[in-house]
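Take a look at the structure set out below.
The values are calculated or read from the model by the stated rules, or taken from the named source; none is laboratory data. Predicted model, so just to flag it, every value in this text is computed and none were measured. Neighbour counts run over all protein chains shown; Cβ positions are idealised from the backbone, glycine included.
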Amino acid sequence: MIVNDTLANTTRAAHDVGLAAWLGGVMFGEFAHNPSLARITSHTERGGVSSAAWNGYNLINTAGLGAAALGWTAARFSETRPANLTATEQALSYAKDGLMAAAVLSGLASGVQGSRLAHQAPNGAVAIETGTKPATETPAKAARIQRSLGVLGNVNILTGAALVAVNAIVAQTNHSHPAAKRTSATRSIPLWLGAAATTTAAVVDTTRRARR
């Protein structure tokens, strides 16, 4: 099966929108949501509100990161196979491989740690100072989880920003110094189907976990 230009463009758009949704959510949480929790008087209520907010966005986070990662993986088996790239494009693609892997691993770790923190108290109402800073009365285990979330959040932001930067450089390189036209045969692997299926499965699993 040959993947036509419309389908290829759609898959690329899903990748970019997914990356934007994930990185935007992480940055909003770090710079707006977490600090604003200090306006709530009760430390346990802060924890409950934070847990509810992230539970509401986890579906988008998971789908966004899944679309970005799987869309890139699909491209690596078709348009961006090493044989189809210039030396510069290959270097940028390898850099993106590493950043994408780091984003997925840190994103998954953040999700796991966030779930662990929410389970430290009924309805996620753990006593906290801010989203990533424990209060004086925060239990030791919950405090450790919170601190790890702070570190993971910084890693998410750094890798996400780097991914956006690499995407921009790749696009500018292609615009300024276009390589020879890729043949349609490079799109002969319909991995977008696997990406879509896996992303859907991740969304369903996240929804199921949130309803427990």
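Give the residues of the range 13-56 that are of a type in the set (Lys, Arg) and surrounded by fewer than 17 Cβ atoms within 10 Å (Cβ to Cβ), sorted by residue number.
Arg39 - this is the single residue of the range 13-56 that is of a type in the set (Lys, Arg) and surrounded by fewer than 17 Cβ atoms within 10 Å (Cβ to Cβ).
Of everything in the range 79-96, what is closer than 13 Å to Asn167 by Cα and of a type in the set (Lys, Arg)? Give them in sequence order.
Matches in the range 79-96: Lys96 only.
Quick check: anything in the range 71-91 surrounded by 14 or more Cβ atoms within 10 Å (Cβ to Cβ) and modelled with pLDDT of 90 or more?
Within the range 71-91, none of the residues are surrounded by 14 or more Cβ atoms within 10 Å (Cβ to Cβ) and modelled with pLDDT of 90 or more.
Any residue in the range 55-72 that's touching a residue at least 40 places away in the same chain (Cβ under 8 Å): show its pairings with residues that are crowded, with 23+ Cβ neighbours inside 10 Å and among the polar types (S, T, N, Q) at Cβ separation under 7 Å, as long as the two are six or more apart or on different chains.
From residues that are touching a residue at least 40 places away in the same chain (Cβ under 8 Å), the pairs are Gly71/Thr11.
Only one of these is in a helix (DSSP H, G or I) and within 21 Å of Thr10 (Cα to Cα): Gly64, Gly56. Name it.
None of the other options fit; the residue is Gly64.
For the range 198-210, state whether one or more residues are charged (D, E, K, R), farther than 19 Å from Ser106 by Cα and either at pLDDT 90 or above or not in a helix (DSSP H, G or I) (or both).
Looking for residues that are charged (D, E, K, R), farther than 19 Å from Ser106 by Cα and either at pLDDT 90 or above or not in a helix (DSSP H, G or I) (or both), one finds none in the range 198-210, hence no.
Which residue pairs have Cβ atoms under 8 Å apart, sit 6 or more places apart or on different chains, and have a first residue in the range 24-48 that is among the hydroxyl-bearing types (Ser, Thr, Tyr) and a second that is outside any helix (DSSP H, G or I)?
Thr44/Ala121; Thr44/Ala125; Thr44/Val126; Thr44/Ala127
Please find, within the range 116-129, the residue that is nearest to the chain's Cα centre (by Cα) out of those that are surrounded by fewer than 18 Cβ atoms within 10 Å (Cβ to Cβ) and either among the hydroxyl-bearing types (Ser, Thr, Tyr) or part of a helix (DSSP H, G or I) (or both).
The selected residue is Arg116.
So that you can scan it fast, the table gives a plain yes or no per residue for (1) within 24 Å of Arg144 (Cβ to Cβ); (2) of a type in the set (D, E, K, R):
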{"site": "Ala52", "(1), (2)": "yes, no"}
{"site": "Asn61", "(1), (2)": "yes, no"}
{"site": "Glu79", "(1), (2)": "no, yes"}
{"site": "Ala87", "(1), (2)": "no, no"}
{"site": "Met100", "(1), (2)": "no, no"}
{"site": "Leu105", "(1), (2)": "yes, no"}
{"site": "Gly111", "(1), (2)": "yes, no"}
{"site": "Gly114", "(1), (2)": "yes, no"}
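If I go through the range 34-53 residue by residue, how many of them are assigned to a helix (DSSP H, G or I) and either more than 19 Å from Gly24 (Cα to Cα) or in contact with an Asp or Glu (Cβ under 9 Å, 6 or more places away or on another chain) (or both)?
Counting residues in the range 34-53 that are assigned to a helix (DSSP H, G or I) and either more than 19 Å from Gly24 (Cα to Cα) or in contact with an Asp or Glu (Cβ under 9 Å, 6 or more places away or on another chain) (or both) gives 10.
Which residues, counting only those in the range 73-92, are touching a residue at least 40 places away in the same chain (Cβ under 8 Å) and either of a type outside the set (A, V, I, L, M) or not in a helix (DSSP H, G or I) (or both)?
Matches in the range 73-92: Thr73, Phe77, Ser78, Glu79, Arg81, Asn84, Leu85, Thr86, Thr88, Glu89.
If you go through the range 81-108 one residue at a time, how many are more than 25 Å from Ile157 (Cβ to Cβ) and hydroxyl-bearing (Ser, Thr, Tyr)?
The number of residues fulfilling the criteria is 2.
Does Asn61 fit the bill of being surrounded by 14 or more Cβ atoms within 10 Å (Cβ to Cβ), under 30 Å from Asn123 (Cβ atoms) and under 14 Å from the mean Cα position of the chain (by Cα)?
yes
What's the total number of residues in the range 140-197 that are modelled with pLDDT of 90 or more and of a type in the set (Ser, Thr, Tyr)?
Going through the range 140-197 one residue at a time, the tally reaches 2.
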